[in-house]
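Note sheet for the following structure.
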């Protein structure tokens, strides 16, 4: 089984410093994070990066084990206690970009990890607001990250682009000035005779220039089949690692020095993590 390394970003409001938020998370290291599972997030802030180890302690006591008796397959019940699933991660302190590891069957995917961090930040913002006596923005934004090259490759495979929709964050069109807008959804529809190259170039430019929450392209492939590419749901796999090797090399107190962490740390200056938008 393989462990996959992928990238994401937790964007904090302008008032928040990621290193201070990491210190807040560190204080909760041995606490249940309160989302209905025995989940523990161990955090170790450093000067430029913050290391993290997410542990999910399962209450599953029994499971089936495959076996063979006299050449015939059988199932037998095996017992265990406090089975742990794990995810290594680290964050860049300057922009909140992070690398996260996941393997098949792990209960915490990158979306769940991002949602958990958003809940933790809201609590941090509420505590900070109460201690400082001033109103603070409490919403952090999570998104998966993929490189321009990966996004181009997906677009390149389309024979026709029918529509491009984008959910824009923090932009007002003047119609609801007094409303607290979370986002605005825009959709661009293209005539079948439109120049495909021009459309693709425009979408690529928009993906780089617009601060959006989600983006979706609908089109047709070379076999004339309908294709939908959801930018927010795609993730670029940076590297794959062997699960059994990682388990043998795990540690808790010094998790930030373990081989798997050192391996994914090599991506800290990857182009997809350096970008600030």
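The values are calculated or read from the model by the stated rules, or taken from the named source; none is laboratory data. What you see is a predicted model, and the numbers here were worked out from it, not measured in a lab. Quick reminder, even Gly has a Cβ in these numbers, built from the backbone with ideal geometry, and neighbours come from all protein chains shown.
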Pairs with Cβ under 9 Å, 6+ apart, first in the range 251-277 and without any contact (Cβ under 8 Å) to a residue 12 or more places away in the chain, second assigned to a helix (DSSP H, G or I) and surrounded by fewer than 18 Cβ atoms within 10 Å (Cβ to Cβ): 251/257
Within the range 177-196, identify whether any single residue is touching a strand residue (DSSP E or B) at 6+ places or on another chain (Cβ under 7 Å) and modelled with pLDDT under 70, and answer yes or no. no
All-but-one check, residue 50 against (1) modelled with pLDDT under 95; (2) surrounded by 11 or more Cβ atoms within 10 Å (Cβ to Cβ), failing number (1)
Are any of the residues in the range 209-224 assigned to a helix (DSSP H, G or I), modelled with pLDDT of 80 or more and not assigned by TED's automatic domain parsing to the domain that holds residue 104? no
Yes or no: the range 115-138 includes at least one residue that is modelled with pLDDT of 90 or more, surrounded by 14 or more Cβ atoms within 10 Å (Cβ to Cβ) and closer than 25 Å to residue 241 by Cα. yes
With the structure loaded, tell me whether residue 239 is within 28 Å of residue 50 (Cβ to Cβ), part of a strand (DSSP E or B) and at pLDDT 80 or above or whether it fails that test. yes
